[in-house]
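> There's a structure below that I have some questions on.
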Amino acid sequence: METTKETAIKALKAAFPQTIPIMAGYVFLSIAYGVYMNAFGFNFLYPMFMSMLIYAGTVQFVAVGLLMAVFDPLNAFFLTLMINARYLFYGISMLNKYRINGLKGAFLVFGMSDETFSINLTADIPEDIDEGWFMFFVTILNYTYWVSGSILGGLFGELIEFNTKGLEFAMTAMFIVIFLEQWLKEKSHSSSLLGLGVSASCLIIFGSDNFIIPSMIVILLILTLKKEPFMKAGETK
Amino acid sequence: MTMTAGQHVIIIALVAVGTMITRFLPFILFPANKPTPKYIQYLGKALPPASLGLLVVYALKDVNVLQGSHGIPELIAVILVLAVHLWKRQMLLSIAIGTVCYMVLVQAFF
């Protein structure tokens, strides 16, 4: 029998390579975030605690604007719910996988960013690797990249010379590869096409700041009104 | 800055709580010890591929085809990622080649 420690180390070794593209993207973006807050005169404790407590990139950038505007807590709260509503979809998708008791399970849900969700949803975890530990390490590694970059950016913002323009594409590339892998594995493409098509249409109609909520509503409506074509969605070959 | 440090703490706390509501709500509404409604089970299967599609669009949402570089560097890099991945099916390789290509394009050509 393996000890817990051995099981965990094996899972860490399997999880780390999966997080490398996220490391590139997160370290870059979170340093940029720290530098951004620093440039507006915020102490590094701001980006540090915001990354630790909020851990959601888009809304963290938006929150910088909120902190410099007139004090409006209700607006801040509802804007956050709107920007992050997509996490509701991730939660429903992960209801079975993230059913892990205790702190480990709670941390998986707490750390469910776009990137962590997409890895944990689709990763082919070898049979001899413990799934719970694997997902835990993906989550905590990504969280660590994000928080440490924010601290570095906030502390040493002005000293860092950038020629990393375009590095953030690592995460776009990762989402595309994950989508393609899902596409190659699935029996029916109905749900993939639905997500892509509805979101792209809503992006064109509503613009980049407002398309997520309409996309979610239309996707839910279609999935609810026409169940039959989507029954096989998610099944793999 | 117009706000006090205390007001800053309130704003940050509300953004954090709002984010956690969106992450925890499905797990609170449908706990493990109660049977999950059939409709939610269906959504749990039907939603993931659609969510990944939404994420792809979300990642490319700020590409402007009408202005600047017209989205050409993104288009080239996306095609390269797809091609390399279909050829080798090595996730890190596809991402690395696509990212390096994109960085060269936006730094040197666009």
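> Just the number: Rg to Rh for the stretch B:1-59, Cα atoms, Kirkwood Rh, two decimals. Can you show the working numbers first?
Working: Rg = 17.5 Å, Rh = 14.6 Å.
Rg/Rh: 1.19.
> Let me ask you something else. Would you please report the Å³ per residue occupied by the convex hull of the alpha carbon atoms in the stretch B:67-110?
Considering the Cα atoms of the stretch B:67-110, their hull volume per residue is 49 Å³.
> Once phi is turned into θ = phi - 60°, what whole-Hz ³J(HN,Hα) does the Karplus curve with 6.51, -1.76 and 1.60 give for every residue of the stretch B:71-87, x standing for Gly and Pro?
Karplus-based 3J(HN,Hα) across the stretch B:71-87 equals x, 5, x, 5, 4, 4, 5, 5, 4, 5, 4, 4, 5, 4, 6, 5, 6 Hz.
> Report, by chain and number, residues whose modeled amide H sits under 5 Å from the one on A:F71, excluding near sequence neighbours (fewer than 5 apart, same chain).
Residues meeting the criterion, in which the H sits 1.01 Å from N, do not exist here.
> Nearest 100 Å², what total accessible surface is buried between chain B and chain A (probe 1.4 Å)? Let's see the in-between values first.
Values: alone 9590 and 14130 Å², together 16560 Å².
Interface between B and A: roughly 7200 Å².
> Counting only other chains, what is the mean number of Cβ atoms within 10 angstrom of the Cβ of each residue in peptide B:67-78? Could the numbers behind the result be given before it?
Values: counts 0, 0, 0, 0, 0, 0, 2, 2, 0, 0, 5, 4.
Mean partner shielding for this stretch: 1.
> Chain A: percent of C-alpha pairs farther apart than 32 Å? Display every interim value, and only then the final one.
On the way: 7310 of 27966 pairs.
More than 32 Å apart: 26 percent of the Cα pairs in chain A.
> From other protein chains only, count the Cβ atoms within 10 Å of every residue's Cβ in A:178-188, then give the mean. Display every interim value, and only then the final one.
Numbers: counts 5, 9, 9, 5, 4, 3, 3, 1, 2, 0, 2.
Counting other chains' Cβ atoms within 10 Å and averaging over A:178-188 gives 4.
> Enter the mean number of other protein chain beta carbons within 10 Å of the beta carbon of each residue in A:196-202, as an integer.
That average works out to 5.
> Then there is this: How about the stretch A:50-75: which of its residues lose at least 40 Å² of accessible area in the presence of all protein chains relative to their chain isolated, using a 1.4 Å probe?
Residues of the stretch A:50-75 that lose at least 40 Å² of accessible area once the other chains are added: A:I54, A:L67, A:F71.
> Now, a different point. Measure off, as a whole percent, the carbon and sulfur share of the 1.4 Å-probe accessible area of the stretch A:4-183, all protein chains present.
The computed percentage sits at 69.
> Taking R0 as 56 Å, what FRET efficiency do you get between B:Q7 and A:D128 from their Cβ-Cβ distance, rounded to the nearest 0.05?
Taking R0 as 56 Å, the efficiency between B:Q7 and A:D128 is 0.60.
> Sticking with this one: If you plug each phi of the stretch A:122-128 into the Karplus form 6.51 cos²θ - 1.76 cosθ + 1.60 with θ = phi - 60°, what whole-Hz ³J(HN,Hα) values come out, in order, with x for Gly and Pro?
10, 4, 7, 8, x, 5, 8
> Between A:K165 and A:F110, how high is the FRET efficiency from 1/(1 + (r/R0)^6) when r is the Cβ-Cβ distance and R₀ = 30 Å? Nearest 0.05. Present the calculation step by step, with values, prior to reporting the outcome.
Working: r = 32 Å, r/R0 = 1.06.
Result of the calculation: an efficiency of 0.40.
> Turning to a different aspect of this structure: So with the 1.4 Å probe, I'd like the accessible area per residue for the stretch A:119-237, rounded to whole Å².
Value for the stretch A:119-237: 49 Å² per residue.
The values are calculated or read from the model by the stated rules, or taken from the named source; none is laboratory data. No experiment lies behind these values; they were computed from the predicted model shown. When we count neighbours, we look across all protein chains shown, and the Cβ atoms used for this are built from the backbone with ideal geometry, even at glycine. Heads up: the accessible areas ignore ligands, DNA and RNA and are worked out on the full protein's heavy atoms, side chains in. Shrake-Rupley method; radii C 1.70, N 1.55, O 1.52, S 1.80 Å.
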